[in-house]
Amino acid sequence: MSWGAVAIGVGTLAAGVIGSSMQADAASDAANAAAESGDLATYYQWKQYQQQRADQQPWLDAGTNAVNRLGTGLESGGEFDTVPTFTAPDFSFTSEDLYSDPSYAFRKQEGLDAVNASNSASGLFGSGRGYNALMTRGQDLASQEYSNAYNRAQTEYGNQYTADLAEYNSQLNSQNTLYNRLAGVSGTGRRRQPQ
């Protein structure tokens with residue numbers, strides 16, 4: 001074996017060792033670059049996640065506050081614990097109501113005065129026929145005015161009933177509107193909000 005062949009062998013061996021060392025370094029550099037790239041991607045994903053949480057925090061806070069208010073409102077004594085109640089007013093009409101009706105009293109007095117004046121003018125005042133005329137006038141008046149007074153009382157009752165019912169509905173609608181708004185806000189954080 002000649003020294004030339006040995007030199008070529010040593011050169012080949014050295015080139016192989018150096019080449020494989022360079023190849024190993026390149027592979028190591030590539031692995032490091034890949035790991036660094038993965039770490040960087042993970043970092044940016046984490047930053048994006050944190051930004052999304054910060055962007056949605058106002059909706060989460062609003063929903064949390066609404067849920068807390070609903071929970072407190074539904075507890076005993078809370079603003080949603082009791083429902084407004086409606087009790088219809090009682091209707092009654094008695095003979096005392098008729099006698100105290102100003103229209104009845106006025107028409108009765110005017111009618112009796114007119115019959116008395118007529119009886120006096122015709123000479124029947126104090127006679128049986130005169131008393132009969134007074135009784136007939138009184139009965140006609142009572143029949144007419146009872147119906148009128150009853151209808152007025154019933155109209156007043158209907159107006160009061162309508163006013164009480166409107167107040168009840170107003171209170172109930174206000175309570176339902178507030179409850180529904182809070183219930184809607186409490187679920188807001190669960191859905192994506194338009195930006």
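Is it the case, given these coordinates, that Gly78 is free of Cβ contacts under 8 Å to residues at least 60 places away in the same chain, surrounded by 13 or more Cβ atoms within 10 Å (Cβ to Cβ) and not assigned by TED's automatic domain parsing to the domain that holds Leu172? Yes. Please tell me if Phe93 is in contact (Cβ under 8 Å) with a residue 40 or more places away in the chain, part of a loop (DSSP other than H, G, I, E, B) and over 27 Å from Asn173 (Cα atoms). Yes: the conditions hold for Phe93. Is it fair to say Leu98 is without any contact (Cβ under 8 Å) to a residue 40 or more places away in the chain and either of a type in the set (Lys, Arg) or closer than 30 Å to Asp140 by Cβ (or both)? No; evaluated as a whole, the condition is false for this residue. Residues in the stretch 48-69 that are within 22 Å of Thr177 (Cβ to Cβ) and of a type in the set (A, V, I, L, M): Ala62, Ala66, Val67.
Does the stretch 145-161 contain any residue that is more than 30 Å from Leu182 (Cα to Cα) and in contact with a Lys or Arg (Cβ under 7 Å, 6 or more places away or on another chain)? Looking through the stretch 145-161, at least one residue is more than 30 Å from Leu182 (Cα to Cα) and in contact with a Lys or Arg (Cβ under 7 Å, 6 or more places away or on another chain).
Just the residues that are of a type in the set (A, V, I, L, M, F, W, C) and in contact with a Phe, Trp or Tyr (Cβ under 8 Å, 6 or more places away or on another chain), please, taken from the stretch 102-122. The answer is Ala105, and nothing else. Among the candidates Arg107, Arg152, the residue that is of a type in the set (Lys, Arg), at pLDDT below 80 and surrounded by 12 or more Cβ atoms within 10 Å (Cβ to Cβ) is uniquely Arg107. All conditions in (1) free of Cβ contacts under 8 Å to residues at least 60 places away in the same chain; (2) surrounded by 11 or more Cβ atoms within 10 Å (Cβ to Cβ) hold for Ala66, with the sole exception of (1).
The values are calculated or read from the model by the stated rules, or taken from the named source; none is laboratory data. From a predicted model like this one, the values you see are computed outputs, not experimental measurements. With ideal geometry, Cβ positions are generated from the backbone for all residues, glycine too; neighbour counts draw on all protein chains shown.
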